[in-house]
Amino acid sequence: MAELPPESPAEAEVERRVRAWAEAQRARGKRVALVTSGGTQVPLEARAVRFLENFSSGRRGAASAERLVEAGYGVCFAHRARSAFPWARALPPHGPQLLDALRVHAGPAPSVTADVQAIPGLVRALQAYRRAKDEDALLAIEFTSLVEYLTLLRAAARALAPLGSSAMFYLAAAVSDFYIPASEMPEHKIQSVDGPLQITMKIVPKMLSPLVKEWAPEAFVISFKLETNPSILIDKSRQALEKYRHQVVIANMLDSHRTSVLVVTRDSEMRLSLSEEELSGGMEIEEKIVSHLKSRHTAFMEK
């Protein structure tokens, strides 16, 4: 199994930033949550042209970060570059829908306004974002590649370790299970004239083990398990809990992950689901997930 690279100056700077921000949150009496969000990019060449990706948009992480801030947490949001961002989700996707919602006003100093009827959630989202920014409740850090994600997680975990049980790790990022070690990667673009492409990939080192045992051993840690086969979902979740000794797995099926999840611990299972009425009212499952996990985190801290 591969090991993480030695700490770099960039990683040390991330740790310094997160540690200083987290200490300020603790001084305000706040708990802190590290939310990881979005997918990771795995290069197939050293001077990369091609990459391995996954489908994650980062919506769950962004929605959860919003809810955690509302619940009183300071949130360190470690997210894939250009994935969903807290409160910016209220904007239409890039393209005609976004351009059509904007209005240009001519004059000596032209200005641009948004048609709030075309973006009904924009005012509420902007107000929530401004409150979070004014309170310094959101610290955003970007990653793109798998290695960037792994080293960022290590840096942030070390920075949050002094907070003990008041730190929550909400590991919602969809991290690749496979990669090509740098020592085995071709330097230049793979040429199609060489024939059909055959790639042998290695298993990505699991970061839950050093996170729980070494980097932040007193923290409250939640991982996520997404499957397409319902018959293995609970067993896989319990295997993870037994192997890594963290506190919670949020287990969900691909076809229903936006409306229903299972909260799995070593001695319990609880299903959280949205009713038809809640769905029609615009509720997101992350509201229920965060509310439930905040209660569990409180009980964990009291122990």
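Points to keep in mind about this one:
- GNM on the chain, alpha-carbon springs under 10 angstrom: the most fluctuating residue among V123, V42, V249 is V123.
- Hydrophobic, long helices, defined as DSSP H runs whose alpha-carbon span along the helix axis is 15 Å or greater and whose mean Kyte-Doolittle value is at least -0.5, occur in the chain at 146-160, 285-302.
- Here is how the number arises for the chain: DSSP H runs of 4 or more residues each give -39500 (n - 2.57), the sum is divided by the residue count, and the result at 222 nm is -10000 deg cm²/dmol.
- Along principal axes, Cα extents of the chain, largest first, whole Å: 59, 59, 43
- Relative contact order (%) - criterion: Cα under 8 Å, at least six apart; region: region 129-274: 19 percent
- Placing a label point 7 Å from the Cα of Q127 along the Cα-to-Cβ line, the residues of region 278-303 whose backbone N sits under 20 Å from it are 281-284, 287.
- Using R0 = 30 Å, the C-beta based FRET efficiency linking V112 and S57 works out to 0.70.
- Rounded to 0.05, the FRET efficiency of the D267 and D136 pair, given R0 = 51 Å and the Cβ-Cβ distance, is 0.85.
- The eigenvalues of the Cα gyration tensor, multiplied by 5 and square-rooted, give region 1-117 an equivalent ellipsoid with semi-axes of 32, 24, 16 Å from largest to smallest.
- Extension gain for the segment A71 to H94, taken as residue separation times 0.36 nm less the Cα-Cα distance, is 5.3 nm to one decimal.
- Relative contact order, percent, the chain [alpha-carbon distance under 8 Å, six or more residues apart]: 20 percent
- Cα-based Rg of region 203-303 normalised by 2.2 N^0.38 Å, two decimals: 1.14
- Amide H to amide H, with H built 1.01 Å from N, F178 comes under 5 Å of V204, counting only residues 5 or more places away or on other chains.
- Restricting attention to region 203-303, the count of lysine pairs at 8 or more positions apart or across chains with alpha carbons under 17 Å apart stands at 7.
- Whole-number percent relative contact order across region 1-158, with pairs defined as alpha carbons under 8 Å at least 6 apart: 29 percent
- Rounded, prolate or oblate (a/c below 1.5 giving rounded, otherwise prolate when a/b exceeds b/c) for region 84-235 by Cα gyration tensor: oblate
- Largest-first principal axis extents, alpha carbons of region 172-227, Å: 53, 27, 14
Only the coordinates and a few stated rules stand behind these numbers; no lab work does. Note that the structure is a prediction, hence the values are computed from the model and not measured. Cβ atoms come from the backbone with ideal geometry, glycine included; neighbour counts cover every protein chain shown.
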